[in-house]
Amino acid sequence: MLEIKNLKKTFNKGTINEKAALTGVSLTLNDGDFCTIIGGNGAGKSTILNAIAGVWPVDSGSIVLNGHDITWLPEHKRAKYIGRVFQDPMMGTAATMQIDENLALAARRGQSRFLKPGTTEAERTHYVDLLRSLDLGLEDRLTSKVGLLSGGQRQAITLLMASLKKPDLLLLDEHTAALDPKTAKKVLDLSDLIIQENQLTALMVTHNMKDAIAHGNRLIMMSDGNIIYDVSGEEKENLQVTDLLHKFEEAGSSDAVNDRLVLN
Amino acid sequence: MGAFLNAMPGVIAQGLIWGILAIGVYITFKVLDFADMTVDGSFSLGGATTVMAILAGFDVSIALLAGVLTAMIAGYVTGILHTIFKIPAILSGILTQLGLYSINMRIMGKSTQAVSVDKYALIVSIRFVNETIVIALIFVAAVIALLYIFFGTEIGSAIRATGCNQNMARAQGINTGRCIRLGLVIGNGLVGLSGGLIAQYQGFSDVNSGRGAIVIGLAAVIIGEVVFGSRHNFAFKLATSVLGAVIYYIVIQIVLQLGLKSDYLKLLSASIVALFMAIPAIQSYWQNGKRMIRRKS
Ligand SMILES: Nc1ncnc2c1ncn2[C@@H]1O[C@H](COP(=O)(O)OP(=O)(O)OP(=O)(O)O)[C@@H](O)[C@H]1O
Ligand SMILES: [Mg+2]
């Protein structure tokens, strides 16, 4: 269970660029919740994910994940509990390292690292099976440098890495936005599959309202650094894009409706 | 030509010992992606510590080990400045390097200290060039083998990931600050080893011996890549950096033989490195055509 209480973050405090990116967000996710997040540019969607991941310290509030208070834990320490996939396909993998080496790094997330072999033979056989299940032809390329792969392949591997060691929480920040529509769909389907198979608790930011409605069991809308709409269960299943547009209009905030929101 | 050939064994011996420094620079510059200016200071430090420990009566191998350890500490200081106090990488190295000048002077008591192969059982010496080549080769092989194994371990992989993509590394639970410090300790330890061996080889340590060492290290790494290509495994890449150092000293010997004044050597080294590091940019300007150049300026 994820419990966020009154989380606040202001960037560039005391300068003309001051920006209140989170203005007291509270959110509770139950185990197995798959929650999509929508909102205009600058609404604070990435900021809330970065706050949970610990990219920088927040100003106030608390983040408790499965009973652990992680609010002040450094980023690499909370990685033990959290799997992440980023918008930029370059960001989630080490380009100069092989596919198996990347996976092996992820398999050791949250563990102490020693002078033991970085990748074992048993692991490699396991990875081949996992890669085969992706159906991207990567099972024969275990020792290829990740830098040689396409964006979609890299995102698929990053997804695999994020779930290789079951995380308490999976954070997906527009992880299909940089991909062409066909690849985006494939990676999105894969995300669904991985979340279901491992019964993960997940937060997924997307600009595509249809995707936000079609995936997960809960949807939140953000505007001006806070949550302005929160639906789940049956209400979410019956949600239409027009309902969401209405909500955006109601909010009437500057960043609510803009060009980057994909309507269909 | 005769003089040139006569000089060859000495040049190769020197190149191989500097090759250990080149491996250290490869670790920090290529693996860790950290332009480590500490090197100039830690090279002299390795030499100064080794020579003074020998003169103080310690066993030569213990003295050399002391040189390695002090150089490691220097790398650690740079790492602390950068990872804990968030000082930019280049400046962190420059600060350590500058501080080391005083420390090296303090260690030696004056700017140079001689150590005679007649009085001490030095590991290498300019007086026994052929033996030096064999011993240097053994050192190089041992260093490459150890590093090859180390960078295949969990800790080694974590350092490589840190050098490649810190974001990814932290997301995988890697303490990137600690990895950077460890990488700098290893890199500078090798630089100190090189410095300690060169001091024995020459028969003296000099507070200025490390001036421009980072540039020579980079030149060796780049020459190795250009001559032997970069699509090789890790052990081979380290070996090509050592060969790069040997080629560097052969080239230097040639231009000296052609009559270049030794005052110009540093200008030559700097130009070689600047030229080779500029090649990717020059190539892309070339490919993108003149329009691109015009728009940029
Ligand atoms: N590291 C940072 N430093 C300064 N300002 C930041 C930083 N990160 C985010 N911001 C600002 O905080 C606000 C919220 O940004 P955030 O990235 O969370 O938006 P978002 O909802 O993810 O939008 P988008 O759809 O464009 O990704 C923006 O005004 C942004 O400029
Ligand atoms: Mg964003």
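The values are calculated or read from the model by the stated rules, or taken from the named source; none is laboratory data. Not measured: the values here are computed from a predicted model. Please note: Cβ atoms are built from the backbone with ideal geometry, for glycine as well, and neighbour counts cover all protein chains shown. Each accessible area value is taken on the protein alone, full model and side chains, heavy atoms only, with ligands, DNA and RNA left out. Shrake-Rupley method; radii C 1.70, N 1.55, O 1.52, S 1.80 Å.
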Within the range A:10-41, the residues that are within 14 Å of ligand 2 (Cβ to nearest atom) and either within 14 Å of chain B (Cβ to nearest Cβ) or in contact with a Gly (Cβ under 9 Å, 6 or more places away or on another chain) (or both) are A:19, A:21, A:22, A:36
Touching a helix residue (DSSP H, G or I) at 6+ places or on another chain (Cβ under 6 Å), more than 30 Å from residue B:128 (Cα to Cα) and open to solvent by 10 Å² or more (accessible area, probe 1.4 Å): is that true of residue B:152 in this structure?
no
Residues of the range A:68-87 classified as facing another protein chain (nearest Cβ under 8 Å) and of a type in the set (Phe, Trp, Tyr), total
1
On the given criteria, is residue A:96 closer than 27 Å to residue B:83 by Cβ, open to solvent by 20 Å² or more (accessible area, probe 1.4 Å), away from ligand 1 (no atom under 16 Å from the Cβ) and part of a loop (DSSP other than H, G, I, E, B)?
yes
Can you tell me which residues in the range A:214-234 are away from ligand 2 (no atom under 16 Å from the Cβ), more than 18 Å from the chain's Cα centre (by Cα) and at positive phi?
A:233
Out of all the residues in the range A:182-190, is one or more within 14 Å of another protein chain (Cβ to nearest Cβ), in contact with a helix residue (DSSP H, G or I) (Cβ under 8 Å, 6 or more places away or on another chain) and at pLDDT 95 or above?
no
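Here's the yes/no breakdown for (1) part of a loop (DSSP other than H, G, I, E, B); (2) buried (at least 24 other Cβ atoms within 10 Å of the Cβ); (3) within 14 Å of chain A (Cβ to nearest Cβ):
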residue: B:137; (1), (2), (3): no, no, no
residue: B:147; (1), (2), (3): no, no, yes
residue: B:170; (1), (2), (3): no, yes, yes
residue: B:208; (1), (2), (3): yes, no, no
residue: B:211; (1), (2), (3): yes, no, no
Which of the residues that make up the range A:102-127 are β-branched (Val, Ile, Thr) and open to solvent by 30 Å² or more (accessible area, probe 1.4 Å)?
A:120, A:125
Whichever residue in the range A:83-93 is within 16 Å of ligand 1 (Cβ to nearest atom) and over 19 Å from residue A:201 (Cβ atoms) and, among such residues, is surrounded by the most Cβ atoms within 10 Å (Cβ to Cβ):
A:89
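Return yes when residue B:199 is open to solvent by less than 10 Å² (accessible area, probe 1.4 Å) and in contact with a strand residue (DSSP E or B) (Cβ under 6 Å, 6 or more places away or on another chain) and no when it is not.
yes
Let's see how each residue does on (1) open to solvent by less than 10 Å² (accessible area, probe 1.4 Å); (2) part of a loop (DSSP other than H, G, I, E, B); (3) of a type in the set (Ser, Thr, Tyr):
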residue: B:19; (1), (2), (3): yes, no, no
residue: B:29; (1), (2), (3): no, no, no
residue: B:48; (1), (2), (3): yes, no, no
residue: B:76; (1), (2), (3): no, no, yes
residue: B:82; (1), (2), (3): no, no, no
residue: B:103; (1), (2), (3): no, no, no
Which pairs have Cβ atoms under 9 Å, sit 6 or more apart or on different chains, and link a residue in the range A:3-20 that is open to solvent by 100 Å² or more (accessible area, probe 1.4 Å) to one that is among the acidic types (Asp, Glu) and more than 16 Å from ligand 2 (Cβ to nearest atom)?
A:13/A:59
Could you tell me which residue of the range A:42-56 is farthest from ligand 2 (Cβ to nearest atom), considering only residues that are away from chain B (no Cβ under 14 Å) and under 13 Å from the mean Cα position of the chain (by Cα)?
A:51
Please count how many residues of the range B:106-126 are open to solvent by less than 50 Å² (accessible area, probe 1.4 Å) and of a type in the set (A, V, I, L, M).
6
Residue B:1 fails exactly one of (1) touching a residue at least 12 places away in the same chain (Cβ under 8 Å); (2) more than 14 Å from residue B:210 (Cα to Cα); (3) not hydroxyl-bearing (Ser, Thr, Tyr), namely (1)
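Rundown of residues vs (1) in contact (Cβ under 8 Å) with a residue 24 or more places away in the chain; (2) away from ligand 1 (no atom under 13 Å from the Cβ); (3) open to solvent by 40 Å² or more (accessible area, probe 1.4 Å), yes/no style:
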| site | (1), (2), (3) |
| --- | --- |
| A:177 | yes, no, yes |
| A:191 | yes, yes, no |
| A:201 | yes, yes, no |
| A:222 | yes, no, no |
| A:247 | yes, yes, yes |
Of residues in the range A:137-162 being among the hydroxyl-bearing types (Ser, Thr, Tyr) and surrounded by fewer than 23 Cβ atoms within 10 Å (Cβ to Cβ), the one farthest from the other protein chains (Cβ to nearest Cβ)
A:150
Residue B:237 more than 15 Å from residue B:273 (Cβ to Cβ) and under 15 Å from the mean Cα position of the chain (by Cα):
yes
Reported set for the range A:60-82 where residues are surrounded by 17 or more Cβ atoms within 10 Å (Cβ to Cβ), more than 15 Å from the chain's Cα centre (by Cα), among the aliphatic types (A, V, I, L, M) and outside any loop (DSSP other than H, G, I, E, B) is A:63, A:65
Residue check for residue A:28: more than 8 Å from ligand 1 (Cβ to nearest atom), open to solvent by 50 Å² or more (accessible area, probe 1.4 Å) and farther than 26 Å from residue A:199 by Cβ
no
Any chance the range A:117-124 includes a residue that's at the interface with chain B (Cβ under 7 Å from one of its Cβ atoms) and touching a residue at least 40 places away in the same chain (Cβ under 8 Å)?
no
Could you pull out the residue among A:100, A:135 that is acidic (Asp, Glu) and at pLDDT below 95?
A:135
Only one residue in A:97, A:90 is within 7 Å of chain B (Cβ to nearest Cβ) and at negative phi. Which one?
A:97
